[in-house]
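The structure under discussion appears below in the form of structure tokens.
The values are calculated or read from the model by the stated rules, or taken from the named source; none is laboratory data. It should be emphasised that the depicted structure is a prediction, and the values quoted were computed from it without experimental measurement. Glycine gets a Cβ as well: all are built from the backbone with ideal geometry, and neighbour counts include every protein chain shown. These accessible areas exclude ligands, DNA and RNA; they are computed on the full protein's heavy atoms, side chains included. Shrake-Rupley method; radii C 1.70, N 1.55, O 1.52, S 1.80 Å.
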Amino acid sequence: MRKGIHLTIGILSGILFTQNIWAQTLKEPVIESQAVVVMDMDSGDILYEKNGKEKLYPASIVKLLTALVTAEEGKLDDIVIFSYDAVYGVEEGSGNALQLETGDKLTVEDCMYAMLLKSSNQAANALAEYVAGSNEKFAEHMNEKAQELGCTDSNFVNPSGLNAEEQKVTAEDMAKIAAAAFSNDTVREIASAKTYQLPVTLNNPNGCIVEMEHQLLNGTDYFYKYAYAGKTGYTDAAGNTLVTAARKNDKNLIAVVLKSEMTHYTDTIKLFNYGFAYLEQQTQETEAEEESVDTEKVKTVPEEQKKTTPDHTVINVVKGIFFLIILYGASLIFRRKKSRLQKKRKNIKKAGNGSKKSKKKSRK
């Protein structure tokens, strides 16, 4: 009987243990970058963060916000004429990889590909002038859009992401911006392209091909098969920055990395692996709970009663404890009855032996 009680206790303990086993075994990622976030793009839930609200320099991941504002306010086939300020009003040493020049004419779409794939600061400046007339006016549009998306801890002063003391972002805010950007069909398509053919410019009479710089999407050493869109960034002050979107089955994640020293790709992979495992855990726990419910006995409960109805798991635990108490009480009663019966049998046996001895004496 005692073995039965121990077995029952073990079974109940096992049930309670398995309800939390996923949470106990899933380990958080070890991240080297200064600030990161991985977010469920569909729900907006932050699945993991490290210094997610710390304000840091963003570098060129700002161009995602520039692309979003441009996609919403401009037209892809409009012509953009590059001004002197657009070409040369950039930070010294920031380069001009596409050799764009004053007077070049590209469509809005061409500029967006140059900006997101090759991170052209000149293209970002030209788009800002096309939309708002100047970088300063365009920054107002950027901040208005950021506020609309619920980004309360970031500030933008130029369309390219080049260093400016007042231009800092948080990983959490950039995740919100990225989710909005990749939800826009135009931005998502451009930020997912591996290559794009730019038309003729003054310094490129045959045009040129721009290639995606993001190594998780278009690389070999760090290629991640679930990644589908993203933007890179780097300045001396910002370090490596990275924004990436990934999709696995029906799960969509956004990962943001700020202030990294060449661990931005490996950290992003860790964030995605953790995020997808976390969502899978949630799915399996939900399915396990649903399977444990006897659908034939499920009854609809009025809304006002749902607030006071005990949790299903708690009810099962209470029932189990109550059952153990009854089982233990029954075992005590059984043992007492057994003990009394054994004593009675011994007394009867002693009485029988006594009568036999008296008969032998009488015969003598």
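Here are the numbers:
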item: Highest-first arrangement of 49-58, 71-80, where packing means the average Cβ count within 10 Å; result: 49-58, 71-80
item: Set Lys118/Lys145; Lys105/Lys259; Lys50/Lys231; Lys27/Lys231 screened for pairs whose C-alpha atoms are more than 30 Å apart; result: Lys105/Lys259
item: Cα gyration tensor shape of segment 123-185, rounded if a/c is under 1.5, else prolate or oblate by comparing a/b with b/c; result: oblate
item: Inter-part distance where segment 46-77 and segment 111-177 are each reduced to a Cα centre, Å; result: 7
item: Amide proton proximity set for Ala35, modelled H, under 5 Å, gap of 5+; result: Leu258
item: Spacing of the two label points (7 Å from each Cα toward its C-beta) at Lys248 and Glu285, in nm; result: 1.7
item: Highest-first arrangement of 240-248, 118-126, where packing means the average Cβ count within 10 Å; result: 118-126, 240-248
item: List Leu64, Leu162, Leu202, ordered by accessible area with a 1.4 Å probe, largest first; result: Leu202, Leu162, Leu64
item: Anisotropy class of segment 22-71 from Cα gyration tensor, a/c 1.5 cut; result: oblate
item: Over 32 Å between alpha carbons, listed pairs Lys137/Lys251; Lys55/Lys248; Lys194/Lys270; result: Lys137/Lys251
item: Total charge dipole magnitude, segment 79-181, about the Cα centre, Cβ charges on Lys, Arg, Asp, Glu only, Debye to nearest 20; result: 260
